[in-house]
Amino acid sequence: MNRPTPPQCNPDELAWRKASASSENGACVEFARALKGWVAVRDSKEPGLGLTMVSDPAWASFIATVAAGEL
């Protein structure tokens, strides 16, 4: 399978968001639109540990799986 190479981006330049269903204890992930076709994801408790870049199709599949209660 030929997968696209994720781009590099500066996390400090992104507009990070948390899911509306996030708990108040900080145990959640944050996400941000990184570059066209990519979403950046990171641990909200440890944002300095880095981020993972996810393609738009993979992000859409993840969101659909969560919304369906399958994850």
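What follows is calculated from the coordinates using simple rules that are stated; it is not laboratory data. It should be emphasised that the depicted structure is a prediction, and the values quoted were computed from it without experimental measurement. Cβ atoms come from the backbone with ideal geometry, glycine included; neighbour counts cover every protein chain shown.
Other residues with beta-carbon under 14 Å from the beta-carbon of residue 35 carry, at +1 per Lys or Arg and -1 per Asp or Glu, a net charge of 0. Fully extending the segment from residue 63 to residue 19, taken as 0.36 nm per residue of separation minus the present Cα-Cα distance, adds 14.8 nm. Sorting 5-17, 53-65, 32-44 by average packing, meaning the other beta carbons within 10 Å per residue, from highest down gives 32-44, 53-65, 5-17. Here the calculated FRET efficiency for residue 46 and residue 71, from their Cβ-Cβ distance with R0 = 35 Å, stands at 0.95, rounded to the nearest 0.05. Counting Lys and Arg as +1 and Asp and Glu as -1 over every other residue whose Cβ lies under 9 Å from the Cβ of residue 44, the net charge comes to 0.
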